[in-house]
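Scroll down for the structure; my scribbles are underneath it.
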Amino acid sequence: MNTTPQPPGADPQPGVTVTKRFGAWMVTMYRPPGAIGSGGPREIHIAPTDDADPQEVARGITSTVLRQINTAPPSEDFAAMRSLADAAEMEIRDLGELLAAMPGGVTDERLAVLSALYVHFVDAGERAPAQRLAVAFDLNPATVKGHLRAARQRGFLTKVEGKAGGRLTEKANATLRGMKHGAGTEEV
């Protein structure tokens, strides 16, 4: 098992990657943090092995090959995934406690924390992450959406056109790191 998913040509991302060989094919399955109980893997990459029979490769990925792929993680992989999920939950809980302790207002720190929580829900596959964030932390949904819009405008969260999503920017990460080191909040 490799805990640093790296599908061909992709940047490393947090989560769990399981790589298995099926005949002439190497199958890499990726599960993001927080997606343990949500069924199968989020991504599957299939590529011929270096020592694959050229005739098998020429036939391509057949339905027989696909039926051989078991997307359920083996027990040792599940244990590793569970520990990553627990770590992600701990971070969400810590961020939630931090958010609850913050004064109201639209501070850089509050926007960074909201953005980080939002990204967690997006990565977990939530269909309506802003709504889920509002419900999880007893916030007004309209306020959450407004704050996320402000987070994008101020450069804490990247934009994704027409759908939920986005990534934390370096500015958001730097603000969160500063908060962990005891930096105070500053109204802007």
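The values are calculated or read from the model by the stated rules, or taken from the named source; none is laboratory data. Bear in mind that the values here come from a model prediction, so they are computed numbers and not experimental data. Note: ideal-geometry Cβ built from the backbone for every residue, glycine included; neighbour counts use all protein chains shown. With ligands, DNA and RNA removed, areas are computed over all heavy atoms of the protein, side chains included. Shrake-Rupley method; radii C 1.70, N 1.55, O 1.52, S 1.80 Å.
Some values worked out for this structure:
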item: From the options 93, 67, residue that is among the basic types (Lys, Arg), closer than 17 Å to residue 28 by Cα and modelled with pLDDT of 75 or more; result: 67
item: Qualifying positions in the range 97-116 - farther than 15 Å from residue 146 by Cβ, in contact (Cβ under 8 Å) with a residue 40 or more places away in the chain and either charged (D, E, K, R) or open to solvent by 10 Å² or more (accessible area, probe 1.4 Å) (or both); result: 98, 102, 103, 108, 109
item: Every pair of residues 6+ apart whose Cβ atoms lie under 7 Å, when the first sits in the range 31-51 and is open to solvent by 50 Å² or more (accessible area, probe 1.4 Å) while the second is part of a loop (DSSP other than H, G, I, E, B) and at pLDDT below 85; result: 38/125; 42/32; 42/35; 43/7; 45/7; 45/8
item: Subset of the range 52-63 [open to solvent by less than 70 Å² (accessible area, probe 1.4 Å) and either touching a residue at least 60 places away in the same chain (Cβ under 8 Å) or among the β-branched types (Val, Ile, Thr) (or both)]; result: 57, 62
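Quick grid of which residues meet (1) surrounded by 17 or more Cβ atoms within 10 Å (Cβ to Cβ); (2) more than 19 Å from residue 91 (Cβ to Cβ); (3) touching a residue at least 40 places away in the same chain (Cβ under 8 Å); (4) touching a helix residue (DSSP H, G or I) at 6+ places or on another chain (Cβ under 6 Å):
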position	(1), (2), (3), (4)
133	yes, no, no, yes
141	no, yes, no, yes
159	no, yes, no, yes
168	yes, no, yes, yes
